[in-house]
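The next block holds one structure in the form of structure tokens; read it before the comments.
The values are calculated or read from the model by the stated rules, or taken from the named source; none is laboratory data. Note that the structure is a prediction, hence the values are computed from the model and not measured. Backbone-built Cβ (ideal geometry, glycine too); neighbour counts: all protein chains shown.
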Amino acid sequence: MKTTENLLQTHKKQRLRPVILALLASILVIGLGVIYWSARNTTWLPAPLRKAAQAAPIEGSREEKWIADIDYYAAQLPRLHINAFHSLSQDQFNQEITALKSRVTQLSDDQIGLELVRITAAIGDAHTRAVPAQWRQANLLPVRPYWFDDGMFISGVMPHTKDTLGARLVKVGNTPLDQVLETLKPYISDENEMNFRSDAPMLLVTADVLRAIGLVPDAQQVDMTFETADGSQFTRTLSPVGSQEYRQGISNQMTRDEKPMYLRDTGINYWFDYLPETQTLYFQYNTCAQSPDLSMNKFSNSLFAAMDENEVSRLVIDLRFNGGGNSTVLDPFIERLSQHRLSQEGRVYVFISRNTFSSAILNALDLQSKAGAQLVGEPSSQRLDHYGEVKHFTLPNSGLMVTYSTKYFSIASVDEKTRGDDLAGIGIWLKNDPPKDSGIDALRPDMPVSFTSQDFLNKRDPLLEAIQQLP
């Protein structure tokens, strides 16, 4: 009898098993569906998990397509950004959107894109930007300006614009440079003055921007006025080249042997050299990433061996070209350096610049606090407390791309690190309640050193010269 009952129970369980499995599968599918829908339509998920809502191009007039894109932009950016209204209020944002939609029929495609660039820049986050589709393959004027401490000078040229190398840029079209820069400022997503200095030169050579903003009438023929060292001025009419041709052709006209050491190998992840005449070991760290050819561990072993085998009075770590990556790559090196005599004697120097960004700033701070390093150079172009971990979405009709931040990194606000969505006490917030900004607008050097156009043209490195003169 028990055997029969057991068989019946076993049979009943076998019959129920597919039902239970189907029920569990249904629950799983529904749960995934809820998460999928929520990621694209709500804000209750942490910002890094949110996705842009799916949207296809519409059939309609040019004006209808732009209105659809602007509405999509206005719905997605505030939802996806971790804290879109930390500088610009939501009311101001909505007013800007309404005003732009009312002017669509009056503006060209470039001008509408430029307005979205300006509205996005007002968010006040250097990682959050709008990039019209046509600008991603923009035609660029065949010169490379750089904003030195003594002004805006041409630091790179193409063969047919060699005569502008080293000249000061004084006018675009008929507009003096100071006024041009003021005109461009609202369109740059900057966090501080160095951020503006870093980004403005690229807009100065983006011909479509100059035309859309009203600085020049023709993007194919742009007049620029330059000033030479003797004060004389000349005007060149420049025609833009494709972005690939620009990247491949623009040059500072120096051979590798002519370049100062800091410019020779900026494309290599990390390298070092020993300078016996000043007993300086120079280590250039250009990206926070492992080299495919040499692990950081093996590289560190070689570097520390060189420090021990040679008479080394100072160590220079050059982060001037390091735009970030994975900050933890350098952690073992920093820990090891903190135990070294140069660290304990205060003879470690870290070079920073406007191009020292993101994870490189974290490394600079760790070198300062853990290895006793002194920071040398100019302020960074990024705030210490900042938004980051960038993602993007694309407007379905125009192709305009919008980048946005999904995390808040609280580096300076150490007293706030116990509130919010703090990850393991390291100051990373994922939701919409990050702590108040510390107000520290940049990583500033302990030893400021000016970098002028004459330093560049005379192939000098004023930072290296400054620390080599120390006792």
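For first residues located in region 349-368 and in contact (Cβ under 8 Å) with a residue 40 or more places away in the chain, partners that are surrounded by fewer than 24 Cβ atoms within 10 Å (Cβ to Cβ) and of a type in the set (S, T, N, Q) and lie 6+ apart or on another chain with Cβ distances below 7 Å form the pairs Y349/Q374; R354/S198; N355/S198; S359/N326; S359/S327; L362/S327; N363/S327. Is it the case that some residue within region 281-290 is surrounded by fewer than 18 Cβ atoms within 10 Å (Cβ to Cβ) and over 28 Å from Y187 (Cα atoms)? Taking every residue of region 281-290 in turn, at least one turns out to be surrounded by fewer than 18 Cβ atoms within 10 Å (Cβ to Cβ) and over 28 Å from Y187 (Cα atoms). Look at region 276-298: where a residue is assigned to a loop (DSSP other than H, G, I, E, B) and a partner is among the charged types (D, E, K, R) and exposed (fewer than 14 other Cβ atoms within 10 Å of the Cβ), sitting 6+ places away or on another chain with Cβ atoms under 9 Å, you get P276/E311; Q279/E311.
The criterion of at least 2 residues that are over 30 Å from A47 (Cα atoms) and of a type in the set (D, E, K, R) is met, among helices (runs of 4 or more DSSP H) falling completely within region 74-176, by 109-121. Among the residues of region 257-268, those identified as without any contact (Cβ under 8 Å) to a residue 24 or more places away in the chain and under 20 Å from I352 (Cα atoms) are L263, R264, D265, G267, I268. Considering the conditions (1) more than 18 Å from P448 (Cα to Cα); (2) over 23 Å from the mean Cα position of the chain (by Cα); (3) not in a loop (DSSP other than H, G, I, E, B), N363 is excluded by exactly one of them, (2). When region 294-343 is filtered for residues that are under 15 Å from K370 (Cβ atoms) and in contact with a Gly (Cβ under 7 Å, 6 or more places away or on another chain), only S343 remains. The set of residues in region 356-368 that are of a type in the set (S, T, N, Q) and either within 25 Å of H86 (Cβ to Cβ) or buried (at least 22 other Cβ atoms within 10 Å of the Cβ) (or both) comprises T356, S358, S359, N363.
Quick check, is L303 out of contact with any helix residue (DSSP H, G or I) (no Cβ under 7 Å at 6 or more places or on another chain) and closer than 23 Å to L470 by Cβ? Spelling it out, L303 is indeed out of contact with any helix residue (DSSP H, G or I) (no Cβ under 7 Å at 6 or more places or on another chain) and closer than 23 Å to L470 by Cβ. Being in contact (Cβ under 8 Å) with a residue 40 or more places away in the chain, within 29 Å of H127 (Cβ to Cβ) and buried (at least 16 other Cβ atoms within 10 Å of the Cβ), is that true of even one residue in region 327-346? Yes, region 327-346 contains at least one residue that is in contact (Cβ under 8 Å) with a residue 40 or more places away in the chain, within 29 Å of H127 (Cβ to Cβ) and buried (at least 16 other Cβ atoms within 10 Å of the Cβ).
Every residue, every condition in (1) buried (at least 18 other Cβ atoms within 10 Å of the Cβ); (2) at pLDDT below 95; (3) among the small types (G, A, S), yes or no:
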| position | (1), (2), (3) |
| --- | --- |
| T98 | no, no, no |
| S102 | no, no, yes |
| N139 | yes, yes, no |
| W147 | yes, no, no |
| F153 | yes, no, no |
| D163 | no, no, no |
| R168 | yes, no, no |
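Of note, N195 satisfies the criterion of being of a type outside the set (S, T, Y) and either surrounded by 20 or more Cβ atoms within 10 Å (Cβ to Cβ) or at pLDDT below 95 (or both).
Per the conditions (1) of a type in the set (S, T, N, Q); (2) at pLDDT 95 or above; (3) out of contact with any strand residue (DSSP E or B) (no Cβ under 6 Å at 6 or more places or on another chain); (4) farther than 27 Å from F299 by Cβ, the sole criterion not satisfied by S410 is (2). Among residues of region 369-391 being surrounded by fewer than 21 Cβ atoms within 10 Å (Cβ to Cβ) and touching a residue at least 60 places away in the same chain (Cβ under 8 Å), the one that is farthest from F85 (Cα to Cα) is Q374.
When region 70-108 is filtered for residues that are among the basic types (K, R) and in contact with a strand residue (DSSP E or B) (Cβ under 8 Å, 6 or more places away or on another chain), nothing remains. So for region 322-329 (the condition being under 30 Å from R136 (Cβ atoms), modelled with pLDDT of 95 or more and not in a strand (DSSP E or B)), does at least one residue qualify? Checked against the condition, which is being under 30 Å from R136 (Cβ atoms), modelled with pLDDT of 95 or more and not in a strand (DSSP E or B), region 322-329 yields at least one hit. If you filter region 200-253 down to residues that are among the charged types (D, E, K, R), without any contact (Cβ under 8 Å) to a residue 24 or more places away in the chain and not in a loop (DSSP other than H, G, I, E, B), you find that the one that is surrounded by the fewest Cβ atoms within 10 Å (Cβ to Cβ) is R247.
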